[in-house]
Structure formats: structure tokens, C-alpha cells
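A.B. asks: Starting off with a structure, shown below.
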Amino acid sequence: MATAVVVLTGCAASPKAQAGQATAPASAATSPAPGPAPQAVSAGDPNAALVPPPSPPAPRCPPLVHYAARNAGPLFCTNGKDDPAALAYFMSLHLSVMGLPASASQSQAAGAICADLRHTAAGTEYSAYLLTATRQHWYFVGIAKVHGALSRLCPKS
């Protein structure tokens with residue numbers, strides 16, 4: 001028990017009070033003095049007090065930057081999730097690819113891309129496709145992840 005008192009309060013209990021010294025009440029001897037949060041003394045000490053780990057930092061979403069031809073970025077926050085500002089911006093462009101559901105097929109995605117490319121720059125469409133593909137968990141092998149290849153999906157007219 002004396003070891004626990006040393007670990008928790010940092011003071012050892014005196015076996016005898018010396019003559020002429022006042023002794024503290026029992027309740028004062030058992031309550032620890034305020035100080036920093038307790039830390040575990042060792043991993044194997046069953047009497048050690050544990051503190052919770054620090055919370056992870058909140059993901060940062062960099063400010064949205066508008067580029068040429070109605071493109072914008074960055075599309076994702078530091079945690080890899082879509083940036084709400086980028087999502088709102090690309091939704092405001094009313095691109096067909098942004099409206100597709102998670103169950104869309106590769107041919108439906110290619111059709112929406114081709115429809116959008118009639119009135120949207122390839123870089124803007126590529127950004128919208130990446131944002132949507134990430135949100136909808138699409139992994140289409142036939143749609144290249146290089147924006148210059150998007151136009152090759154569309155038949156020449």
C-alpha cells in the first residue's frame with residue numbers, strides 16, 4: 001500500500017510522526033494534490049492511472065481555387081474525403097456525371113462524360129468525374145484516370 005501512495009501522491013508515508021509535529025488529517029493524506037494529468041508508470045503496473053490518447057487532428061480542407069475553363073480544386077481534404085466546397089461548386093455546374101448514382105454502369109458514366117464534354121472543358125469534366133467516382137466508389141477500368149483520355153470515350157461526330 002505504501003508503494004501506491006508513493007506512485008499516486010509522490011510522497012511516502014512516514015512510519016512515525018516526530019514529536020512536536022502536527023499530523024495532517026487522514027482525509028488530506030489520501031487526496032492527491034492537483035497537478036498534471038496522471039500518466040502510466042509502466043505498462044505492467046496494475047495501479048497505474050491511464051490517460052486517454054490525444055484526439056486526431058481534424059481534417060483540413062484547403063480553400064477552393066478557381067482555375068481556367070471553370071475548373072476548380074483541390075477536390076479532396078487532407079483525409080481523402082471530398083471537399084464540401086468543391087462538391088458544391090461542381091454540383092452548381094449541373095454536369096451529367098455529377099448526377100449519376102452509385103449503381104451507374106461504366107457505359108452510363110461514359111455517356112454522361114460525353115454529354116458533358118459537348119459544353120464543358122475536359123479538365124473540368126475530369127475533376128467532376130474524379131469527385132463523383134470517389135464519392136460513388138466507382139472503379140471503372142475502361143475510364144482512364146488521365147483527363148486527356150476522356151475525349152477518347154466519345155464517338156466522333
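A.B. asks: From (1) crowded, with 17+ Cβ neighbours inside 10 Å; (2) charged (D, E, K, R); (3) more than 20 Å from LYS156 (Cβ to Cβ), pick out the condition that doesn't hold for ASP116.
C.D. replies: Every listed condition holds for ASP116 apart from (3).
A.B. asks: Scan region 121-144 for residues that are among the β-branched types (Val, Ile, Thr) and either in a loop (DSSP other than H, G, I, E, B) or open to solvent by 40 Å² or more (accessible area, probe 1.4 Å) (or both) and report the count.
C.D. replies: Quick first cut of region 121-144, residues among the β-branched types (Val, Ile, Thr) only: 124, 132, 134, 141, 143.
Among the residues that remain, those that are also either in a loop (DSSP other than H, G, I, E, B) or open to solvent by 40 Å² or more (accessible area, probe 1.4 Å) (or both) are: 134, 141, 143.
Looking only at that region, the number is 3.
A.B. asks: Can you pull out the residues in region 92-107 that are closer than 15 Å to TYR139 by Cβ and among the hydrophobic types (A, V, I, L, M, F, W, C)?
C.D. replies: LEU100, ALA102, ALA104
A.B. asks: Can you tell me which residue in region 65-113 is farthest from PRO155 (Cα to Cα), limited to those that are in a helix (DSSP H, G or I) and among the aromatic types (Phe, Trp, Tyr)? Working first, answer last.
C.D. replies: We begin by selecting, within region 65-113, every residue in a helix (DSSP H, G or I); these are 68-70, 84-92, 96-99, 106-113.
From the residues that got through so far, the ones that are among the aromatic types (Phe, Trp, Tyr) too are 89-90.
Numbers: TYR89: 28, PHE90: 25 Å.
Here the answer is TYR89.
A.B. asks: For region 60-108, enumerate the residues that are basic (Lys, Arg) and under 15 Å from HIS119 (Cα atoms).
C.D. replies: Residue satisfying the conditions is ARG70 alone.
A.B. asks: Next up: For region 78-113, enumerate the residues that are open to solvent by 30 Å² or more (accessible area, probe 1.4 Å), touching a Gly at 6+ places or on another chain (Cβ under 9 Å) and either closer than 30 Å to PRO56 by Cβ or basic (Lys, Arg) (or both).
C.D. replies: The one that is open to solvent by 30 Å² or more (accessible area, probe 1.4 Å), touching a Gly at 6+ places or on another chain (Cβ under 9 Å) and either closer than 30 Å to PRO56 by Cβ or basic (Lys, Arg) (or both): MET91.
The values are calculated or read from the model by the stated rules, or taken from the named source; none is laboratory data. The structure presented is a predicted model; accordingly, all values stated were derived computationally and were not measured. Every residue, glycine among them, receives a Cβ derived from its backbone with ideal geometry; neighbour counts consider all protein chains shown. Ligands, DNA and RNA are stripped out before the accessible areas are found, and what is left, the full protein with its side chains, is counted by its heavy atoms. Shrake-Rupley method; radii C 1.70, N 1.55, O 1.52, S 1.80 Å.
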